[in-house]
């Protein structure tokens with residue numbers, strides 16, 4: 001769906017001012033309103049390629065009117081199914097199976113937007129007070145930032161440059177009167193990640209003061225309150241966030257539930273904490289964080305039986321995250337209960353015998369535990385086995401392999 005929306009009266013004025021030769025009168029106005037209705041109908045039907053072709057032809061005939069050129073870009077940024085280097089964005093209608101290399105005039109089911117950045121920059125040059133163009137240019141850079149953030153090897157300088165461009169354009173859009181929950185959330189995250197919590201809170205609160213309430217912004221407010229040790233407020237915000245988060249926000253629901261549980265613990269509500277953290281584990285038993293919170297709680301009470309049961313469940317459900325192994329090593333080395341880890345590793349090796357990543361983690365941990373027992377030769381043997389498994393799924397120079405055996409290097 002298009003992300004551009006205006007009240008009907010504003011749209012009508014735009015059509016009158018930018019679209020319609022005044023000599024045509026009411027007929028032209030009617031034709032133009034019908035055109036907009038037609039585009040919106042195709043958007044509802046998810047015929048994004050058809051929408052692009054209609055808007056592209058309109059812009060070709062009537063010039064780069066900012067509302068329609070921005071609508072064309074918005075459709076592409078929001079609804080494309082692939083792009084080439086952020087210069088070409090491909091759209092298709094439902095059921096289209098042809099490739100984007102087909103001639104577009106012969107295949108109306110697939111279309112392409114060329115160089116959205118240039119379109120938006122020209123719009124800003126010609127209409128410097130048009131807020132939506134700045135917002136969409138920020139979206140264009142944000143799309144690149146979100147793609148880049150998926151890669152561990154992303155250059156921090158490139159990330160910062162994109163963040164600065166997004167911030168500049170979103171700030172300008174806001175100054176020109178643009179209001180949008182996604183913009184508010186991005187600006188809130190921008191300040192939150194720089195530990196400017198008061199500025200972040202101001203943006204998140206804009207998304208919670210009127211309907212529809214943004215559950216993600218509520219959760220961010222809960223995080224801020226928790227950092228400020230305002231545990232009652234943190235619990236209330238997290239609980240409210242759970243009411244508004246959607247099915248697609250499953251992992252964020254987990255985070256909100258976990259935050260509310262830890263706020264309860266800080267407030268001295270141990271029984272409520274135990275109920276909430278267990279609910280969190282039940283929601284996503286393949287994540288380690290809630291287990292680790294509960295393990296810390298039971299360790300503080302010297303309940304070894306519960307600690308072992310939790311470590312067992314955590315690593316059998318999720319043998320991939322390293323922090324779970326580090327917690328196991330800490331517990332075993334402190335209690336000298338090495339037989340427990342041996343038994344757990346045997347069980348894990350049977351269950352995950354075909355998973356190189358799991359076996360690499362197990363032998364890494366076995367090496368650390370051997371080192372704690374001053375069996376240096378055995379530790380080095382286990383660490384080398386771990387690296388050999390890692391070589392099956394990691395590049396030869398991956399930093400993770402260099403971390404194996406760090407204990408020996410530090411010693």
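Fewest-first ordering of 251, 297, 244 by other beta carbons within 10 Å of each residue's beta carbon gives 251, 244, 297. A Stokes-Einstein calculation at 37 °C with viscosity 0.692 mPa s, built on the Kirkwood radius of the chain over Cα pairs, returns a diffusion coefficient of 128 µm²/s. As a rough guide to protection, the peptides 387-398, 199-210 ranked by mean Cβ packing within 10 Å, highest first, stand as 199-210, 387-398.
The relative contact order of region 328-401, computed from alpha carbon pairs under 8 Å that lie at least 6 residues apart in sequence, is 28 percent.
Counted residue by residue at 0.36 nm each, then reduced by the alpha carbon distance between them, the extension gain from residue 407 to residue 378 reaches 9.1 nm.
For the chain, modelled as a GNM whose springs connect Cα atoms under 10 angstrom apart, the maximal fluctuation among 220, 114, 194 occurs at 194.
For a quick check: sort 355, 364 by the number of other beta carbons within 10 angstrom, fewest at the front.
Listing 355, 364 from fewest to most nearby Cβ atoms yields 355, 364.
In terms of overall dimensions, region 243-290 has a Cα radius of gyration and Dmax of 10.6, 32 angstrom. Computed over the chain with a Gaussian network model linking Cα atoms closer than 10 Å, the most mobile of 362, 166, 277 is 362. When the Gaussian network model of the chain links Cα atoms closer than 10 Å, the mean-square fluctuations of 260, 333, 111 top out at 333. Modelled label positions at residue 304 and residue 356, each set 7 Å beyond Cα in the direction of Cβ, lie 3.9 nm from each other.
Subtracting the Cα-Cα distance of residue 60 and residue 171 from their residue separation scaled by 0.36 nm leaves 36.9 nm. Output the relative contact order of the chain, whole-number percent, from Cα pairs under 8 angstrom with separation of 6+ residues. Here the relative contact order equals 6 percent. Taking the longest Cα principal axis of the chain as reference, the axis of helix 231-244 is set at about 60 degrees. For the pair residue 202 and residue 394, the difference between a 0.36 nm per residue extended length and the Cα-Cα distance amounts to 64.8 nm.
No value in this document is a laboratory result; all are computed from the given coordinates. This is a predicted model, so every value here is computed, not measured. Every residue, glycine as well, gets a Cβ built from its backbone with ideal geometry; the counts of neighbours run over all protein chains shown.
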